[in-house]
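Written below as structure tokens is the structure these notes are about.
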Amino acid sequence: MNILFVNCCIRGEASRTMGLCRAALEEIRAKYPDAAIQELCLDQEEICPLHSDTLARRNALEHQKDFSDPMFRYAQQFAEAEIVVVGAPYWEYQFPALLRCYIEHISVNGVTFAYGEDGRPHGLGKGERLFYITTAGGPILDRNCGFDYLKTLLSNMMGFTKLDYVAAECTDVIGYPVEEELQKAEARLREQIRNWD
């Protein structure tokens, strides 16, 4: 089994989100001891938004079905993963722009998805499960736009069928029991992973 951890915890190991991600990876290793887990730290990659030149070049290569160019490495890595764990802080109701740039790079027609005869996209990769982990300075309530976006994209374009998240909220609210909130979030994510089928 191939598991990909997409690390968008920009504050590194000091990040509260990263702390939850490390707990999740520990639980995943215990559940799948023979799995190969790859970590992609977006903060250490030179991932830029697509612009007119890179988009034109990518479209030409897609048309030729030539995916040997290094620009497709993120899409190819993503396509090989059966489980994708994404860790990202809750910024501006969703996630850092770096993760959005990464999503542009993995959304490749001919690698992670393709359009069928009915014009609808379908997944080409092995991906089935997304586990999204986030922490928010305030309350999320019903506005988890980052997870909702990924859920929509991966289920409708790339064939993912099992999508869930864990969030710790109000971690910057003065007087809020932050450590207790983080402990509860960790307990929830560990229980979810143990119950994966």
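The table for this structure:
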| read-out | value |
| --- | --- |
| Per-region count, segment 106-125, residues of a type outside the set (A, V, I, L, M, F, W, C) and surrounded by 13 or more Cβ atoms within 10 Å (Cβ to Cβ) | 8 |
| Meets criteria (loosely packed, with under 13 Cβ neighbours inside 10 Å and either closer than 24 Å to GLU186 by Cβ or touching a His at 6+ places or on another chain (Cβ under 7 Å) (or both)) for GLU13 | yes |
| ASP148 vs. criteria of a type in the set (Asp, Glu) and not in a helix (DSSP H, G or I) | no |
| When residues of segment 32-44 are limited to those that are in contact (Cβ under 8 Å) with a residue 12 or more places away in the chain and of a type outside the set (A, V, I, L, M), the one farthest from ASN7 (Cα to Cα) | ASP34 |
| Any hit, segment 82-89, residues being charged (D, E, K, R), surrounded by fewer than 19 Cβ atoms within 10 Å (Cβ to Cβ), under 18 Å from LEU163 (Cβ atoms) and modelled with pLDDT of 95 or more | yes |
| Where ASP34 falls short, out of the listed (1) out of contact with any strand residue (DSSP E or B) (no Cβ under 6 Å at 6 or more places or on another chain); (2) outside any loop (DSSP other than H, G, I, E, B) | (2) |
| Neighbours by Cβ (under 8 Å, 6+ apart or cross-chain): first from segment 163-180, within 14 Å of GLY87 (Cβ to Cβ); second in a loop (DSSP other than H, G, I, E, B) and among the hydroxyl-bearing types (Ser, Thr, Tyr) | ALA167/TYR90 |
| Single match in GLY175, GLY125, GLY119, GLY159 (criterion: part of a loop (DSSP other than H, G, I, E, B) and within 26 Å of GLY19 (Cα to Cα)) | GLY175 |
| Selected residue [crowded, with 16+ Cβ neighbours inside 10 Å, part of a strand (DSSP E or B) and under 12 Å from the mean Cα position of the chain (by Cα)] from ILE133, ILE103 | ILE133 |
| Boolean, LEU124 is of a type in the set (A, V, I, L, M), more than 18 Å from ALA185 (Cβ to Cβ) and touching a strand residue (DSSP E or B) at 6+ places or on another chain (Cβ under 6 Å) | yes |
| Residues within segment 50-108 that are more than 24 Å from GLU128 (Cα to Cα) and among the hydroxyl-bearing types (Ser, Thr, Tyr), tallied | 4 |
| Cross-chain or 6+ apart pairs with Cβ under 6 Å, segment 49-63 first and more than 17 Å from LEU98 (Cα to Cα), then among the polar types (S, T, N, Q) | GLU62/ASN109 |
| Positions within segment 64-81 being in a helix (DSSP H, G or I), within 19 Å of the chain's Cα centre (by Cα) and either aliphatic (A, V, I, L, M) or over 17 Å from TYR102 (Cβ atoms) (or both), in sequence order | MET71, ALA75, ALA79 |
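The values are calculated or read from the model by the stated rules, or taken from the named source; none is laboratory data. Worth saying up front: this structure is predicted, and the values here are computed from it rather than measured. Cβ coordinates were reconstructed from backbone atoms using ideal geometry, including for glycine residues, and neighbour counts include every protein chain displayed.
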